[in-house]
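So the structure is just underneath, and the comments pick up after that.
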Amino acid sequence: MRGALHMIVYALFFYLFAGVCIASAIMVVASRNPVYSVLFLILAFVNASGLFMLMGAEFLAMILVVVYVGAVAVLFLFVVMMLDVDFAELRQGALQYLPIGTLVGIVLLAELLLVVGAWAIAPHVADVIAAPIPPFYSVSNTEALGQVLYTRYVYFFQVAGVILLVAMIGAIVLTLRHKPNIKRQDVSQQVARTKADAIEVVKVKSGQGLS
């Protein structure tokens, strides 16, 4: 009895999250206001994280909320609101790209239909997993992922971090522009200053001002 009730509640939450996620995804494309589109995108991410929680992948749910909702979607929202882009003017030249857009859409639809039509679960998929998956109730999803990531794939993880660090430094160097005639702080010159360089004592005679 308790197991059947658990499955019913599980199914209700699944259909709730899935339905709201699909409706939000449709509204992201159909909404005319870009701010509303970003808000619907945030709602879709939140419901997708709920689906991940139902599957026991709480780490992916947390990453989806923290990274995409907390950073990317909010960044999109502030960019759209701060730039004040005239989207009506941008849509005026969109008709000239309609033929090639339609062609790309047909190709993507055909690929999706081919994938769905030929999709099947191979019986030997579980045998090709590189790292054994611990039992579901023994450790959490985050702990299991950390055990695999920081043991078997620790060097790949470090290499990925170095690549991202180099890319970030390269982006800063490429976009940094030094404008002329701007005073900048030089700590070495400030530390090397002496009393003679810093001040000048001038004796002014009575009744005269500074020239």
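The values are calculated or read from the model by the stated rules, or taken from the named source; none is laboratory data. None of the values given here were measured: they were computed from a predicted structure. To get the accessible areas, we keep the full protein, side chains included, count just its heavy atoms, and leave off ligands, DNA and RNA. Shrake-Rupley method; radii C 1.70, N 1.55, O 1.52, S 1.80 Å.
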> Roughly how much of Thr151 is accessible, in Å² to the nearest 10, using a 1.4 Å probe?
Replying inline: 100
> Any idea what diffusion coefficient segment 7-46 gets from Stokes-Einstein, in µm²/s, Kirkwood Rh on alpha carbon pairs, 4 °C, 1.567 mPa s?
Replying inline: 123
> So, with a 1.4 angstrom probe, what is the percent of accessible area on segment 141-194 that is carbon and sulfur?
Replying inline: 67
> What are the lysines whose alpha-carbon lies under 25 Å from the alpha-carbon of Lys203, with same-chain residues fewer than 8 places away excluded?
Replying inline: Lys195
